[in-house]
Structures are given as C-alpha cells and as structure tokens.
C-alpha cells in the first residue's frame with residue numbers, strides 16, 4: 001500500500017463517518033417538520049416493503065405539518081398504517097388522498113433524551129474517525145519498517161493524518177452542536 005493510498009483511504013473513511021452521522025441526525029425529530037423525518041419509514045406494499053420516499057411526495061406544508069401525496073392513491077391506508085406503527089409516535093390524518101402529519105411539540109424530557117442521543121452519535125463518530133487514524137498510522141509504521149518510507153516521511157504523514165482527523169472531528173462537533181441548538185429552540 002502506498003503513502004498516497006493510505007492518506008486517500010483515511011480521508012474517504014473519515015468522510016463516510018461524517019456522511020453517516022449526517023444521515024442519522026436528519027432522522028431525529030427536532031420539533032420542526034422536515035420531510036426526511038418520514039423518508040426512511042417502510043411501507044408494506046406490492047408484496048414487499050418500500051421506503052415512503054419512493055411511494056409519495058413528502059413536503060412540509062408549514063413548520064409543524066408534513067403533507068404526503070402518494071403517487072398511487074391505493075397506498076393511502078398502507079402509508080397511514082406505516083406512519084402510525086413507526087417509532088415516531090405520529091398520528092396521520094387523510095383528506096382527499098393527501099395524508100397530513102401534525103408534529104406535536106416535544107416535551108422538555110424528550111428534548112433532553114434526543115440531545116443525549118445526539119451526543120452519543122457524535123461520540124461514536126469520533127471513535128470511528130480515531131480508529132481510521134489508528135489504522136492509517138499502523139499502515140505508515142509498516143511502510144517505514146519495510147523501508148518504503150523514511151522516518152521523516154512517516155512523521156510528516158502522521159502529522160497530516162492528525163490534521164485531517166482534527167478537521168473532521170471539528171466538523172462532527174459543529175454538527176452535534178447545531179443539532180443540539182435545533183432541539184433547544186422552543187416552538
């Protein structure tokens with residue numbers, strides 16, 4: 001494995017950890033209606049299960065309400081059932097083929113539970129990033145042992161990996177802080 005490959009793969013793996021955190025944070029309810037809140041819900045239809053986002057148009061009609069317009073009107077009941085049985089605790093209402101989901105305000109206790117979860121997600125992501133750094137440094141040490149890399153090059157590369165690690169962890173911290181602020185906003 002070459003030096004460039006090690007650095008490139010470390011960067012890619014760290015970026016994947018950031019993307020996974022983003023995807024997880026989007027799914028968390030913050031009190032504001034956002035289509036991504038429902039996109040991952042699986043709907044039983046056509047002899048299997050499909051994500052809601054593939055069966056309907058989801059948009060926020062206002063800050064507290066999501067509107068779901070199924071492309072196949074025969075799926076309205078299945079979509080309603082999937083939303084009701086999801087772990088989100090939401091009760092949809094239907095009017096003329098459009099399903100509306102009103103988001104009740106989050107209780108203070110629920111906000112703190114979600115903030116705790118956000119912090120845990122952030123810490124898991126930081127650990128993943130540090131593991132990528134450790135693996136990359138291990139590969140660098142192997143290259144140095146095999147005399148494919150000088151000691152100076154190894155130290156320089158370790159510093160580069162550390163700088164990348166610090167930059168990515170700072171991104172994680174910003175994402176977690178932003179999500180906490182969203183959760184603490186009242187209304």
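Yes/no per residue for (1) crowded, with 16+ Cβ neighbours inside 10 Å; (2) within 29 Å of residue 174 (Cα to Cα); (3) in contact (Cβ under 8 Å) with a residue 60 or more places away in the chain; (4) outside the structural domain of residue 127 (by TED's automatic domain parsing):
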site	(1), (2), (3), (4)
19	no, yes, no, no
45	yes, no, no, yes
49	no, no, no, yes
56	yes, no, no, yes
66	yes, yes, no, yes
70	yes, no, no, yes
76	yes, no, no, yes
79	yes, no, no, yes
Any residue at all in region 132-144 that is in the same structural domain as residue 21 (by TED's automatic domain parsing) and closer than 22 Å to residue 22 by Cα? yes
Is one or more of the residues making up region 22-29 outside any helix (DSSP H, G or I) and surrounded by 13 or more Cβ atoms within 10 Å (Cβ to Cβ)? yes
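Can you report the number of residues in region 44-54 which are touching a helix residue (DSSP H, G or I) at 6+ places or on another chain (Cβ under 7 Å) and either at pLDDT 90 or above or part of a helix (DSSP H, G or I) (or both)?
Within region 44-54, residues that are touching a helix residue (DSSP H, G or I) at 6+ places or on another chain (Cβ under 7 Å) and either at pLDDT 90 or above or part of a helix (DSSP H, G or I) (or both) number 2.
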Within region 55-82, work out how many residues are more than 13 Å from residue 100 (Cβ to Cβ) and assigned to a loop (DSSP other than H, G, I, E, B). 4
Assuming residue 123 fulfils every condition listed in (1) more than 19 Å from residue 4 (Cα to Cα); (2) at pLDDT below 95; (3) surrounded by fewer than 19 Cβ atoms within 10 Å (Cβ to Cβ) apart from one, which condition is it? (2)
Return only the number of the condition from (1) outside the structural domain of residue 162 (by TED's automatic domain parsing); (2) touching a helix residue (DSSP H, G or I) at 6+ places or on another chain (Cβ under 6 Å) that residue 84 does not satisfy. (2)
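Taking region 128-163 on its own, how many of its residues are part of a helix (DSSP H, G or I) and out of contact with any helix residue (DSSP H, G or I) (no Cβ under 8 Å at 6 or more places or on another chain)?
Final tally of qualifying residues: 10.
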How many residues of region 1-11 are surrounded by fewer than 14 Cβ atoms within 10 Å (Cβ to Cβ) and in contact with a helix residue (DSSP H, G or I) (Cβ under 9 Å, 6 or more places away or on another chain)? The answer is 3
Determine whether region 106-118 contains at least one residue that is at pLDDT 95 or above, under 20 Å from the mean Cα position of the chain (by Cα) and outside the structural domain of residue 58 (by TED's automatic domain parsing). no
Select from region 88-113 the residues that are in contact with a strand residue (DSSP E or B) (Cβ under 8 Å, 6 or more places away or on another chain) and part of a strand (DSSP E or B) and write down the one among them that is surrounded by the fewest Cβ atoms within 10 Å (Cβ to Cβ). 93
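The values are calculated or read from the model by the stated rules, or taken from the named source; none is laboratory data. These figures come from a predicted structure and were not determined experimentally. Cβ atoms come from the backbone with ideal geometry, glycine included; neighbour counts cover every protein chain shown.
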